[in-house]
Amino acid sequence: RGGFAGRCGDPLVSGDAPDMPHAAHATAMGRVLVTGATGGLGRVLVPALAARGAEVWASGRDRGIGDALAIQNGCRFLAADLVEDDLAPLLDGVDAVFHLAALSSPWGRQADFEHKNRLNGLRVRSAG
């Protein structure tokens, strides 16, 4: 039993979160930010953290998926482009960041794809 169905907001079948050592300490972390929350990994991590009592702030580019995550998991969703937008509102009062945001498939020139993925991580790190 266990695992997940793979759609936004589907509960984990067993009611237990996956074996994620950092997620197990979510309550002690207080407010956590999950970047890339609307992607495949984020849609699993957000409910796992919320189920453990963390105050989850979820960030992503897909407002529809983000709004569904917020409703289904009691978290706050903040739509953001980590390369273009001001990151201060995302990190205000955040105790820990799970940085999952990245472009997952190449588009255009390979160098541009790699640059944007590196830049979003550097911006999150330097803003926090």
Let a ≥ b ≥ c be the square roots of the eigenvalues of the Cα gyration tensor of region 71-128; is it rounded (a/c under 1.5), or, if not, prolate (a/b larger than b/c) or oblate?
prolate
Count charges around Arg61 for me, please; just the other residues with Cβ under 13 Å from its Cβ, Lys/Arg as +1, Asp/Glu as -1.
-3
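What does the charge count around Arg123 come to, taking other residues whose C-beta lies under 11 Å from its C-beta (Lys +1, Arg +1, Asp -1, Glu -1)?
Working: positive: Lys116, Arg118, Arg125; negative: Asp81, Glu84, Asp85, Asp86.
That sum, taken over residues with Cβ under 11 Å, equals -1.
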With a 1.4 Å probe and all protein chains left in place, how much accessible area per residue does region 32-122 have, in Å²?
50
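The values are calculated or read from the model by the stated rules, or taken from the named source; none is laboratory data. All of these numbers come straight from a predicted model, not from anything done at the bench. Glycine also receives a Cβ, built like all others from the backbone with ideal geometry; neighbour counts cover every protein chain displayed. Ligands, DNA and RNA are excluded from the accessible area calculation, which covers all protein heavy atoms including side chains. Shrake-Rupley method; radii C 1.70, N 1.55, O 1.52, S 1.80 Å.
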